[in-house]
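Everything on this sheet refers to the single structure shown next.
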Amino acid sequence: MTQPNPASAAASHARGATDVPLIEQTIGAFFDDMVAKQPEREVLVSRHEGRRFTYRELQTESNRLASALLNLGLAPGERVGIWSHNNAAWLLMQIATAKVGLILVNINPAYRTSELDYALNKVDCKALVTMARFKTSDYLGMLRELAPEYAHAQAGQLASSRLPHLRTVVWMDEAGAGADEPGLLRFSALLASGNPNDPRIAQIGATLQAGDPINIQFTSGTTGFPKGATLTHRNILNNGFFIGECMKLTPADRLCIPVPLYHCFGMVLGNLACLTHGSCIVFPNDGFDPITVLETVQAEKCTGLHGVPTMFIAELDHPRFAEFDMSSLRTGIMAGSPCPTEVMKRVVDQMHLREITIAYGMTETSPVSCQSSTDTPQDKRVSTVGTVQPHLEIKIIDPETGATVPRGTSGEFCTRGYSVMHGYWEDEARTREAIDAEHWMHTGDLATMDDEGYVNIVGRIKDMVIRGGENIYPREIEEFLYRHPKVQDVQVVGLPDQKYGEELCAWIIVKPGQSLTEDEVRAFCKGQIAHYKVPKYIHFVTEFPMTVTGKIQKFKIRDAMKQQLGLAEQKTA
């Protein structure tokens, strides 16, 4: 056995295990194999719709839908959008499109007309499946605003100057309810038009390759237009499989998925992790609601639960939390934004999630690069995002020089391997900015790696605060302030400062029924953290600006405070 080179052993570089081979099938082929193994096992429970499917039933309905999509004249490689919160139709679309080589385009339900216009036209969507309405969002109304011509068009033959590529819009009707929508097709009618035994499904399936693009997800940058991260069968099927392996999923597991399906968290860490292990997918509701999550876990005896930290906080702090039996829970994933240590401890202790895992990734890497496992020691589980996933390679580099930094030193997290996206849709320049000539994906995240290979994400390169020459990572200050017994949630950003270049600002959400003052927060910090790490500005709020996937929009916090305090950006030499 060769001895490791001491110099390379000390570098922030790691490779994942390769003992379990990569899956080289398409999503459709792998799913059909799983159905053959356990056709009668339950695969989906959609609580808010009152619907249940076995593996065989899901196969039959997804084949029926695949046939119906082909009947619309759609051909492999063409794009089909889905604009919806969580429901059975979403999962059917995920499987059906994959089976016949259509590229599913996930459209964020928070998008409004200009964003929808951009997304549909960026990738030339030929068809769109959409919710009709959700709470205050009128999806069909927004479409008609963009394309008033639809009122006088034939279903399947739409033509609009603003949306020139879109031919078919399908709206999700509830069991045929509601009046017809001029020019638009009902989902129930579309489904009924398909044949689950359509020979074209197998014929097309035989021509598909694991490396074919199958999914486009728009990444929400803080500036500029969203980029269409294009993912393949190989990307997301394998990532879903290895994520499920980390959670030790089996056919006996039932995973509660309150995170959105239009994001990788729901469709890969949720749906595909389950489908690759013969487990059951449980949707508690179409949108996140803490009480329905608690009710669903109890009623369906869920063994797993996914969520971003804000979701777990909302569940734990719900006034009725103690009424529900969470004892069936074992595992799940907390991800989406940094996981506060104190919240993690409560999730393990109070929700029985003793084998919960932490995952880190980004849409462009399908998404997970690092994950803790069910037996990761508690101290590592609450302070890191685990170790490198199988068949992947990671390194942490100096953002200026590109050199791999020593273990324990902060730098930019980079990853390469099967999970790196096909590219940004029709955007070669931005693809090359993100993926270098050696196929490393540059994430823009700051991380450290310890001697055992555990990775800690310490912030975004753009979020790092430099105060008087001192590099400060907001994550460290947030973790410290979470320890205050009255603090429910906290976000720290840097604000411009004439003297020091930047000063820290903390936005704090106080626990229900508690009161907290700026002086109390400063007294808590005194003597515990360096003086330059004590936030100059402390602001109490009831919520943070965030995307619907639970990512905190720190730039909005920064902008709001700059406006409130009348601060201008400091010019740098």
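The values are calculated or read from the model by the stated rules, or taken from the named source; none is laboratory data. Everything numeric here is computed off the predicted structure, so don't read it as measured data. Reconstructed Cβ throughout: ideal geometry from the backbone, glycine too, with neighbour counts over all protein chains shown. The accessibility values were calculated without ligands, DNA or RNA, using every heavy atom of the protein model including side chains. Shrake-Rupley method; radii C 1.70, N 1.55, O 1.52, S 1.80 Å.
Here M344 does not fit the description of being farther than 28 Å from R320 by Cα, hydrophobic (A, V, I, L, M, F, W, C) and touching a residue at least 24 places away in the same chain (Cβ under 8 Å). Within the set L495, L504, L481, the sole residue that is open to solvent by less than 20 Å² (accessible area, probe 1.4 Å), aliphatic (A, V, I, L, M) and outside any strand (DSSP E or B) turns out to be L481.
To keep it simple, each residue is scored yes or no on (1) more than 24 Å from V282 (Cβ to Cβ); (2) surrounded by 24 or more Cβ atoms within 10 Å (Cβ to Cβ); (3) of a type in the set (D, E).
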{"site": "E364", "(1), (2), (3)": "yes, yes, yes"}
{"site": "T387", "(1), (2), (3)": "yes, no, no"}
{"site": "I396", "(1), (2), (3)": "yes, yes, no"}
{"site": "E400", "(1), (2), (3)": "yes, no, yes"}
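Q298 falls short on exactly one of the conditions (1) touching a Phe, Trp or Tyr at 6+ places or on another chain (Cβ under 9 Å); (2) open to solvent by 20 Å² or more (accessible area, probe 1.4 Å); (3) closer than 27 Å to I509 by Cα, and that condition is (3).
Within the set H318, H277, H306, the sole residue that is at negative phi, surrounded by 24 or more Cβ atoms within 10 Å (Cβ to Cβ) and not charged (D, E, K, R) turns out to be H306. Might you check whether a residue that is modelled with pLDDT of 95 or more, not charged (D, E, K, R) and not in a loop (DSSP other than H, G, I, E, B) occurs anywhere in segment 106-114? For segment 106-114, residues modelled with pLDDT of 95 or more, not charged (D, E, K, R) and not in a loop (DSSP other than H, G, I, E, B): present. Within segment 43-85, the set of residues being in a strand (DSSP E or B) and open to solvent by less than 20 Å² (accessible area, probe 1.4 Å) comprises V43, L44, V45, S46, F53, V80, G81, I82, W83. Remark: pairs (first residue in segment 17-46, under 14 Å from N235 (Cα atoms) and of a type in the set (S, T, N, Q); second residue modelled with pLDDT of 95 or more and part of a loop (DSSP other than H, G, I, E, B); Cβ separation under 8 Å; 6+ apart in sequence or on different chains) = Q25/A210; T26/L208; T26/Q209; T26/A210; T26/D212. Just checking: which of the strands (runs of 3 or more DSSP E) contained wholly in segment 407-468 hold 2 or more residues that are closer than 19 Å to S369 by Cα, touching a His at 6+ places or on another chain (Cβ under 6 Å) and open to solvent by less than 60 Å² (accessible area, probe 1.4 Å)? Counting at least 2 such residues, we get 411-417.
Scan segment 366-385 for residues that are buried (at least 22 other Cβ atoms within 10 Å of the Cβ) and in contact (Cβ under 8 Å) with a residue 40 or more places away in the chain and the total you get is 9. G287 meets all of the listed conditions (1) small (G, A, S); (2) outside any helix (DSSP H, G or I); (3) more than 27 Å from N106 (Cα to Cα) but one, namely (3).
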